[in-house]
1. Out of (1) within 7 Å of another protein chain (Cβ to nearest Cβ); (2) modelled with pLDDT of 90 or more, the odd one out for A:Pro34 is which?
2. Within the range A:90-112, take every residue that is within 8 Å of chain B (Cβ to nearest Cβ) and farther than 21 Å from A:Ser193 by Cβ and give me the one that is farthest from the chain's Cα centre (by Cα).
3. Examine the range B:23-40 for a residue that is in a helix (DSSP H, G or I) and among the charged types (D, E, K, R), and state whether such a residue exists.
4. Of these, B:Thr61, B:Thr52, B:Thr98, B:Thr74, which one is within 26 Å of A:Ala204 (Cα to Cα) and open to solvent by less than 30 Å² (accessible area, probe 1.4 Å)?
5. Are there any pairs, at least 6 apart or on different chains, whose C-beta atoms fall under 8 Å, with the first in the range A:52-65 and closer than 15 Å to B:Met1 by Cβ and the second open to solvent by 10 Å² or more (accessible area, probe 1.4 Å) and of a type in the set (Val, Ile, Thr), and if so, which?
6. Does any residue in the range A:176-205 that is more than 11 Å from B:Ala47 (Cα to Cα) come within less than 8 Å, Cβ to Cβ, of a residue that is of a type in the set (D, E, K, R) and surrounded by 20 or more Cβ atoms within 10 Å (Cβ to Cβ) six or more places away or on a different chain, and which pairs are these?
7. Scan (1) open to solvent by less than 20 Å² (accessible area, probe 1.4 Å); (2) away from every other protein chain (no Cβ under 13 Å); (3) of a type in the set (A, V, I, L, M, F, W, C) for the single condition A:Ala135 breaks and write down its number.
8. Among the residues in the range B:33-40, are any crowded, with 24+ Cβ neighbours inside 10 Å, within 20 Å of the chain's Cα centre (by Cα) and either at the interface with chain A (Cβ under 7 Å from one of its Cβ atoms) or modelled with pLDDT of 90 or more (or both)?
Amino acid sequence: MSSTTASLHDITPMPSPVRDGVAAMLPLVIAYAPFAIVIGTTAAERGTPLAGWAGSWLIYGGSAHLAALRTLDGGGWAMAIATGVLINARLLVYSAGLARRWTHQPRWFRFVAAGLIIDPTFAAGERFADGCASATDQRRHFIAMAVTLGLGWSAAIGAGALLGSRVGGIDVGIVVPLCLVSIVGSALRVPASRVVVVVAAVLAICAGAMPAGTGLLLAIAGGAAAGCLWDRRAR
Amino acid sequence: MTTWAVMLGVGIGSYVLRIAPLMLLRRAVLSHGVDRAIGHAGVAAIAGLIATSVRHTGDGTAASPTLLAVALGTVLAVRGTAMLRIIVAGATLYYGATLVVQTLG
């Protein structure tokens, strides 16, 4: 047989990190669309659709984005910022994990990618990196994922902002708690997290009379403290 | 103007949370206790948001349908069901229960 004849293995196309990244995020773009539309309509109802839409890239996080918009109404701008940032506190943990993985990545990538770290990009990025040692491929995969998710997310928020009052007449509010439940649901398998969820939820309901935002901050502090106490007891 | 300021404020604050470990912790690690506390804060934040969203959505006749839908969503989420299926199942139960409540009411 000729040495120049290509084997089937040689002509099999190598998996593309960019294509894998896009494919990983497309189902999530569809899943997150209802949540994003609710955020867009919330911004439209406040009369600030463009500013609300801008948060899709500036914040790049649905729960913080929605909480900030809702807290703004009753709690003021400072409370809204504090609430949004606190909700994104978990991103510290994700970044700390990625810091070890991205030791050999160029500085420009760490600056750009930092703004795109959120639950799905972190989880899918870690999964890909576990099976691929190439720093270049990991970089391309992460950027492809994050841009795909960002484009779909911002488009859905934009659609919600444009539809605005037309969607406002339809009762879609139930989408928000269902989306949030799906984010935190798997954590409920861990006893410490169950304690955190129960304490935080009870505090949030009991503190409902407090100015908007402060009740949520109390719930965060109380839930986190309860979780730490549970961890200490369990040791 | 205020909404712009809030979007920028949350964006800058979130970016600082994201970039700080990447720049400062390239070779170090967070202590286990700090790691766990931050993780608990994130879960607590979302749980608090769920509670306030349920209160926001579940006013008056919508209370029972909302609680039923969120309870179903929780069960499905613990079992690892995909988000889109949770939304479809929960929303179906919500609209069905709302119809029943309005018919009986």
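1. Going through the list (1) within 7 Å of another protein chain (Cβ to nearest Cβ); (2) modelled with pLDDT of 90 or more, A:Pro34 breaks only (2).
2. The selected residue is A:Thr103.
3. So the first thing to find is which residues in the range B:23-40 are in a helix (DSSP H, G or I), and the list is B:23-24, B:32-40.
Keeping just the survivors that are among the charged types (D, E, K, R) gives B:35-36.
Checking the range B:23-40: at least one residue is in a helix (DSSP H, G or I) and among the charged types (D, E, K, R).
4. It is B:Thr98.
5. A:Gly52/A:Thr42
6. Every condition considered, no pair remains.
7. For A:Ala135, the exception is condition (1).
8. Checked against the condition, which is being crowded, with 24+ Cβ neighbours inside 10 Å, within 20 Å of the chain's Cα centre (by Cα) and either at the interface with chain A (Cβ under 7 Å from one of its Cβ atoms) or modelled with pLDDT of 90 or more (or both), the range B:33-40 yields at least one hit.
The values are calculated or read from the model by the stated rules, or taken from the named source; none is laboratory data. Since the structure is predicted, the reported quantities are computational estimates derived from the model, not experimental observations. All Cβ positions, even for glycine, are placed from backbone atoms using ideal geometry, and neighbour counts span all protein chains on display. What goes into the accessible areas is simple: the full protein's heavy atoms, side chains included, and nothing from ligands, DNA or RNA. Shrake-Rupley method; radii C 1.70, N 1.55, O 1.52, S 1.80 Å.
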